[in-house]
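Data block below; observations after.
The values are calculated or read from the model by the stated rules, or taken from the named source; none is laboratory data. This is a predicted model, so every value here is computed, not measured. Neighbour counts are summed over all protein chains in view; Cβ atoms, including those assigned to glycine, are modelled from backbone coordinates with ideal geometry.
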Amino acid sequence: MSQHHSHPEVIARLKRAHGHLAKIISMIEEKKPCVDVAQQMHAVEKAITNAKRTFVEDHIAHCFNEEAMNHPRRRKKEIEEFKTITKYL
């Protein structure tokens, strides 16, 4: 798999999430308040969701743009619709 332009951004997001996840584990071990732990879990979940969205959208743009260039207008429209709907992942 070749590296897409968003891979460094995705890696940075995942590394931040990894750090937060380690913090959550220590928070639970240290018996920190549940509200604080839940807040950190939410932050990790959002970070991973955003990394996934960026990764998938970049893959679609990278792989399908070339495909769209080689197909008739109808096919281009279908590909653009597909790319648009991924924003709701």
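Each row is one residue, and each column tells you yes or no for (1) assigned to a helix (DSSP H, G or I); (2) of a type outside the set (Gly, Ala, Ser); (3) at pLDDT below 80.
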| site | (1), (2), (3) |
| --- | --- |
| Ile11 | yes, yes, no |
| Met27 | yes, yes, no |
| Ala38 | yes, no, no |
| Met41 | yes, yes, no |
| Lys46 | yes, yes, no |
| Thr49 | yes, yes, no |
| Glu66 | yes, yes, yes |
| Lys76 | yes, yes, yes |
| Lys87 | yes, yes, yes |
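Can you pull out every residue in the range 39-49 that is exposed (fewer than 15 other Cβ atoms within 10 Å of the Cβ) and of a type in the set (S, T, N, Q)?
Of everything in the range 39-49, those that are exposed (fewer than 15 other Cβ atoms within 10 Å of the Cβ) and of a type in the set (S, T, N, Q) turn out to be Gln39, Thr49.
Hey, could you check the range 1-38 for residues that are among the polar types (S, T, N, Q) and loosely packed, with under 13 Cβ neighbours inside 10 Å and say which is farthest from Ile60 (Cα to Cα)?
Ser26
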